[in-house]
1. Within the bounds of the stretch 142-154, is there any residue that is closer than 26 Å to Arg857 by Cα, of a type in the set (A, V, I, L, M, F, W, C) and out of contact with any Asp or Glu (no Cβ under 9 Å at 6 or more places or on another chain)?
2. In this structure, is Ala128 over 14 Å from Leu32 (Cα atoms) and open to solvent by less than 50 Å² (accessible area, probe 1.4 Å)?
3. If you take the residues of the stretch 720-741 that are among the aliphatic types (A, V, I, L, M) and at pLDDT below 95, which of them is surrounded by the most Cβ atoms within 10 Å (Cβ to Cβ)?
4. State the number of residues belonging to the stretch 719-735 that are in contact (Cβ under 8 Å) with a residue 24 or more places away in the chain, of a type outside the set (A, V, I, L, M, F, W, C) and either on the phi > 0 side of the Ramachandran plot or outside any loop (DSSP other than H, G, I, E, B) (or both).
5. Only one of (1) under 24 Å from Arg392 (Cβ atoms); (2) open to solvent by 30 Å² or more (accessible area, probe 1.4 Å) is not met by Ala502, so which one is it?
6. On the phi < 0 side of the Ramachandran plot, assigned to a helix (DSSP H, G or I) and modelled with pLDDT of 80 or more: which single residue out of Ala267, Ala273, Ala231 fits that description?
7. For the stretch 330-385, how many residues meet the condition of being of a type in the set (Asp, Glu) and either on the phi > 0 side of the Ramachandran plot or modelled with pLDDT of 95 or more (or both)?
8. Consider Trp476 against the criteria (1) at pLDDT 85 or above; (2) in contact with a His (Cβ under 6 Å, 6 or more places away or on another chain); (3) more than 16 Å from Val541 (Cα to Cα): it satisfies all of them except one. Which criterion is unmet?
Amino acid sequence: MIEFQLLGEIRLKVADGADVDALLRQPKRLALLAYLVSPVPGTWHRRDTLLALFWPELDTAHARTSLRNSLYVLRQALGDDVIRTRGDDDISIDSAMMKTDLGAVWTALREGRAADALANYHGELLAALFASDSEGFQRWLETERARLKVEVSRAALALASSLEREGKLAEALNAAQRAIEIQPDDETAVRRLIMHHDAIGDRAGALAVFETYRSRLAAEFEAEPAPETLALANRLRASTGSSAPRTRPTAPNGNRIASKFGSLPHAEEIESATLAHSVAPIGSRRRFRRTGVAAMLGLTLILLIAWAMSRPRPISIGTSTPLTSEEGLQIEPAISPNGRLVAYAKGNASRVRVFVQKIAGGSPWALTGDSSSVEVMPRWSPDNDELLFLARDGAFVSPALGGTPRLIAAGTEGNGSVRSASWSPNGDSVAIVRNDSLMVKPLEGSGSRFVGRGFQLHSCVWSPDGRWIACVSGNWIALVPGTLFGNRAPSGLLLFPAAGGAAIELTDREKEHMSPAWSADGKELWFLSNQDGVSGEVYTVPIGRDGHRDGALARIGLNAESISLSPNRIAYSVPVRKENIWTVPIPTGAPATLATATRLTAGNQVIELVTVSRDGKWLVYDSNLRGNSDIYRMPIEGGPAERLTDDPREEFAGTLSPDNRELAWQLWSKGERHLYVKTVDGGPPREILPVAGDQGVPRWSPTGNSLVAWSHNKEEGAVFVVSRDSRGGWKRPAWRLEGAQLPAWSPDGKTIAFVKFSGAIETIPADSGARRVVYAPRPGRDPIATFLAWRSDPDRLWFLGQDAEKRGGIWELTISSGRPRLLVRLDDPAGRLNGSAFTTDERRFFFTMDERLSNVRWAELVKR
């Protein structure tokens with residue numbers, strides 16, 4: 001039996017008891033072995049997951065070679081039979097040949113044996129291991145370390161409670177002490193340990209625990225314990241007659257008061273020195289001059305120090321600490337102004353709710369009791385007592401400790417929904433966005449004041465001095481739970497004068513700029529951007545008194561999905577996202593499921609839209625495999641992919657002409673999608689409609705002489721057709737249909753089908769004319785359509801959509817009957833969500849599955 005110790009000191013012993021020294025000196029292969037035995041030996045792991053975690057910088061072929069080489073080395077060191085495979089996709093370690101202390105801990109926790117779990121927990125998971133060039137593994141490791149600590153600490157506290165009920169007070173105390181050793185920042189565990197000391201009559205020990213915790217909070221976080229902990233310590237002091245220690249005065253937000261010269265004692269020394277100069281005897285004229293010069297020099301020095309101290313100092317990020325460590329999505333964190341609580345949206349890409357959690361530790365709690373609601377974008381009130389959030393198309397306020405929310409701004413579906421809500425600095429009003437209009441609404445009384453207007457405004461935040469409101473412009477749909485949740489598209493940052501007036505453009509709309517957050521002094525705006533080619537990099541930009549940029553962008557050195565700032569801390573969510581192409585045969589009987597589907601692409605990439613060539617030979621898709629999104633094609637049966645576009649701007653929705661000679665696609669330019677076409681053999685790209693306005697997701701007509709496309713300037717969308725002239729050029733659209741989305745051609749090219757915002761399907765003649773409803777879903781009963789495919793049968797089309805329970809699927813619609821039939825269930829027990837599009841060659845469906853994990857972390861803001 002091979003023994004692998006992962007907790008505390010790392011040890012690996014083969015059956016004869018010898019250390020496998022050579023393997024211990026290879027961090028990356030040791031990390032691979034550690035991942036394969038987690039959480040317990042025998043767990044099956046997918047090969048493509050290993051590629052993404054350990055070799056994200058390599059293409060699939062080279063990554064698979066590296067994995068094979070590593071598995072060969074592991075087999076050479078541990079024996080051929082240790083590593084098991086299941087088909088081509090799954091790998092595991094034989095549990096009959098290897099045991100681990102980590103597996104013993106997780107097994108004990110699962111079976112409720114807390115004492116055994118504590119006995120096997122020797123220390124932090126893989127404490128001394130760092131696998132270079134494996135950022136994905138390091139993120140996984142940090143998450144697993146935090147998750148294990150939380151679970152073992154909870155087990156220790158549960159064991160302490162059980163022992164206390166049995167009257168075993170000393171043993172209960174030891175168990176509570178272990179909980180603190182494992183999770184020293186868990187303030188709930190600190191209070192439990194204090195109470196256990198008190199239970200055995202050791203009040204001095206109880207107060208010592210409190211003082212140790214209080215001192216560590218002050219030294220490491222410049223914070224005080226929670227009111228509950230302070231109250232517990234005060235009760236113990238009162239019962240023992242001891243007095244509370246003197247503490248430095250604190251500001252209302254809990255931070256120590258300090259002058260601009262530094263801490264209080266230093267400021268008092270400077271004041272005393274200045275006063276001494278002012279009352280000293282004058283003496284002779286020469287002495288007066290010397291004294292005066294010295295005084296002036298001293299005063300000048302003081303003023304220079306004060307000026308230097310008052311200037312903004314560069315900020316760096318301190319040690320990062322996980323707040324959550326769960327499966328699924330924990331996103332959109334909002335840290336309270338006092339830096340002690342974090343609210344975040346928790347769930348999956350279809351449904352999220354707002355939860356609140358203490359930074360000091362403990363379990364999260366739901367903000368509201370409405371489990372059926374979808375809640376997003378939490379924002380703290382300035383006094384830390386309430387949270388503003390979006391739900392049911394409106395804006396609500398709820399007590400931070402949980403309770404019944406109250407509606408403060410109602411909205412309606414579509415453009416009438418409230419897209420953003422942000423507190424004013426004094427908490428008496430909120431800035432809200434409806435239908436691209438930014439308004440200020442008082443919390444008490446009626447009426448709203450118009451501030452400004454912008455394209456698809458959202459994620460607005462009010463500056464601390466109340467003069468400015470920063471908003472994101474563009475890609476609102478990425479924040480709406482559903483199939484387009486997390487959609488990647490360019491967006492820009494606008495700054496509105498809160499009193500009203502024209503918006504100031506802080507960034508372009510060529511890149512992704514999102515998640516603005518103000519620094520505590522209001523002099524800098526933090527945000528996320530792919531300005532330098534990497535999505536989610538954190539930047540800061542100085543803002544002048546006139547609202548314009550007052551300097552260059554600075555990169556902080558942090559990558560995130562969204563950010564939130566308090567005066568001294570940052571909270572942020574860290575994403576892991578992959579979206580690849582899957583295929584499933586079109587069933588003739590019962591609906592198919594993902595169990596019968598096959599993955600066609602793999603790797604650390606996001607693919608959003610996929611199409612099949614008219615002859616069924618090629619798959620065309622967009623992928624961000626090389627950083628920004630480009631268009632690729634690959635043989636429909638699988639094989640190497642060929643990149644067809646390489647513009648540094650984002651390109652999506654590629655589709656081949658019926659003769660496979662031309663490629664049409666959309667390219668993001670200045671915040672709008674524009675249509676382009678080129679010959680596949682290498683000709684230059686040509687813009688089809690070089691005019692302002694959004695144009696996206698092109699579809700070729702069966703003859704190849706026209707394209708139908710979709711404009712998304714408005715939520716409801718619009719459809720139009722562009723056709724070639726006699727010389728092969730592209731003419732302006734002859735008509736435009738409002739309230740239509742994502743069109744598809746009929747097999748004969750005479751009709752265009754499209755989906756409505758409501759999920760209905762309608763058709764219109766290709767040369768315009770009367771609209772016809774072919775599918776009208778019954779609310780709460782029928783599936784809603786989101787994407788269409790129409791190939792050879794004029795009476796049959798397919799649609800991607802969601803049923804009444806928000807489960808994804810593909811349905812067949814017989815147009816003559818108007819009734820759909822479910823063909824493929826896309827709901828996934830593993831938590832993956834189907835993407836926003838699909839296609840078919842009439843034998844198989846091709847679609848994408850979105851795999852997401854996101855957790856919240858926090859860190860101190862350190863002034864350099």
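The values are calculated or read from the model by the stated rules, or taken from the named source; none is laboratory data. Quantities reported herein were computed from a predicted structural model and do not represent experimental measurements. Note that each Cβ is placed from the backbone with ideal geometry, even for glycine, and that neighbours are counted across all protein chains shown. Calculation scope for accessible area: heavy atoms of the full protein, side chains included, ligands and nucleic acids excluded. Shrake-Rupley method; radii C 1.70, N 1.55, O 1.52, S 1.80 Å.
1. yes
2. For Ala128, the condition - over 14 Å from Leu32 (Cα atoms) and open to solvent by less than 50 Å² (accessible area, probe 1.4 Å) - is not met.
3. Step by step, filter the stretch 720-741, then rank; the result is Ala740.
4. 0
5. Single failed check for Ala502: (1).
6. Ala231
7. The number of residues fulfilling the criteria is 1.
8. (1)
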